[in-house]
Structure formats: C-alpha cells, structure tokens
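A.B. asks: My questions all concern the structure below.
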Amino acid sequence: MERREFLKRSSLAALGTVVAGSGLIQAINHIGNNELKNNKMKIVVLTGSPRKNGNSAYLAEQFIKGAEEQGHEIFRFDCAFKQVEPCRACNRCGMNGPCILNDDFQELRQHLVEADMVVFATPMYYFGVSAQMKRVIDRFYAINGQIKGARKKAAFLMTYADTASKEAEPMLVHYRTLLDYLGWKSVGEVVASGVWTAGSVRNTDYPQQAYQLGKSL
Ligand SMILES: Cc1cc2nc3c(=O)[nH]c(=O)nc-3n(C[C@H](O)[C@H](O)[C@H](O)COP(=O)(O)O)c2cc1C
C-alpha cells in the first residue's frame, strides 16, 4: 500500500505533539480517550528490552511507581518476553479488524484500544527502537482504525550507551512522527544517555525523571 493510501485509510489527521526536550519532562493534563471518571487513566506500558533488569525496564518501573501512586491503572506488556509475530502485511484486517496471527498480541490488543495512555520504554538498538518493540508496534496495523485519532496520551523512555544527543534524534523523530500520525499527545520523554551496562541507569537521575513523569499525571 502506498504511503498516501496508508494515511488516507484511517480517519483524522494527527495533531501536533507536545514534547519535552532531552531529559526534560512536560506534563499536560487534558481529558484523554477513555479517562476514568476521577481522572484515573488506563495506561499501557510497553517495554522493549530483553534485559529484565536493564536500564529501560528500570525507567519503566519508576514511571509505573509514580503513576500507580496517583491511582492510575497499569497494563505492562514486556515485548521481549512475549510471542508476537511480525506483521505479515496480508492486509486481511484492512487496518481495522481481526488479525490472522493468533499469538500474545491478543493479550494486548484490547488494552491498547481502551488505553488513555501508552508508554514506550526501549533501549536504542542501532539508532532505532528494539526489534522486539517494533514487532509489537507494527501489529498496531490491525487496530489502526480503532487507535488512530483516539486522543491518547503517550510517553517515551529510552536508554543508550553513547552520550551524543544527536544520536537519539532518529528515535525521537520516529516516536514523534508516530504520535503525529496517530493523533496522540506526548506528555514527556526521558532520554537516558551514557548507560551501557544493565542497571547503570540507577546511578543517574533519569529514574527520578521517569518517576516524576508518572507522578505528574
Ligand atoms: C543490539 C544492540 C544494539 C545497540 N545499539 C546501540 C546504539 O546504536 N547506540 C548506543 O548508544 N547504544 C547501543 N546499544 C547499547 C544499549 O542501547 C544500552 O546498553 C542500553 O542502555 C540498553 O538498555 P537496556 O538495559 O534497557 O537493554 C546497543 C545494544 C545492543 C544489545
């Protein structure tokens, strides 16, 4: 399918995202897609690392801690520990229907549709999100019609070994472009640079930023 057609197939054009700069956090309080009556949200947290005690998992944990303290409901999906096939582009779903693949994405599907917010927590793998996470993002295709324009919030937590902020740009552009397309609004980005070994992020103030982001919701 041509990109133009891909864009045309789903309803409304995306809204601009509001993003924070590297390492900064910005929270926006507005009513989301499906926010619970007392402003409590259903939040899906996608993690992308195969390292259970790795850096991005720790940022996700800290975000969850803050968000749970505020009473939000979390559904965590650890992409690297789930059986999720890559999209086969058969187009049987028509971007809005049942998927021919019967795997762990089924656990996530309805949570994504109902979520008020989606958080992406991933390591940098060759300047992109991990393949484990990308596989899951590509499966959004079958629910595209239900999640596009759905006024969800989102956040991005990323970790990488190098320190040059320029190297984080491709991932941030990807995240922001995805949100722009879906019409979701970013409430924050935590960009943790200079963390290589599993757990080294604990010696930085990035976990506190992730916690504060969750707490600010
Ligand atoms: C396959 C692979 C590719 C990587 N690519 C990059 C890279 O392009 N740039 C970088 O700075 N670090 C890279 N790293 C390092 C990780 O991004 C870094 O260790 C990160 O903190 C891992 O997060 P995690 O502990 O959540 O898995 C790579 C690591 C792996 C295993």
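What follows draws every value from the coordinates through simple rules; no lab data is involved. None of these values were measured; they are calculated from a predicted model. Here Cβ is always computed from backbone atoms with ideal geometry, including for glycine, and neighbour counts include all displayed protein chains.
A.B. asks: May I ask you to derive the FRET efficiency for Asp180 and Lys52 from their Cβ-Cβ distance with R0 = 45 Å, giving the value to the nearest 0.05?
C.D. replies: E between Asp180 and Lys52, to the nearest 0.05, is 0.90.
A.B. asks: Here's a follow-up. If the cut-off is 27 Å between C-alpha atoms, which lysines fall inside it for Lys65, apart from same-chain ones fewer than 8 positions away?
C.D. replies: Those lysines meeting the cut-off are Lys37, Lys40, Lys42, Lys52, Lys82, Lys134, Lys152, Lys153, Lys185, Lys215.
A.B. asks: To continue, here is another question. Quick check: net charge around Tyr160, other residues with Cβ under 12 Å of its Cβ, Lys/Arg +1 and Asp/Glu -1?
C.D. replies: -2
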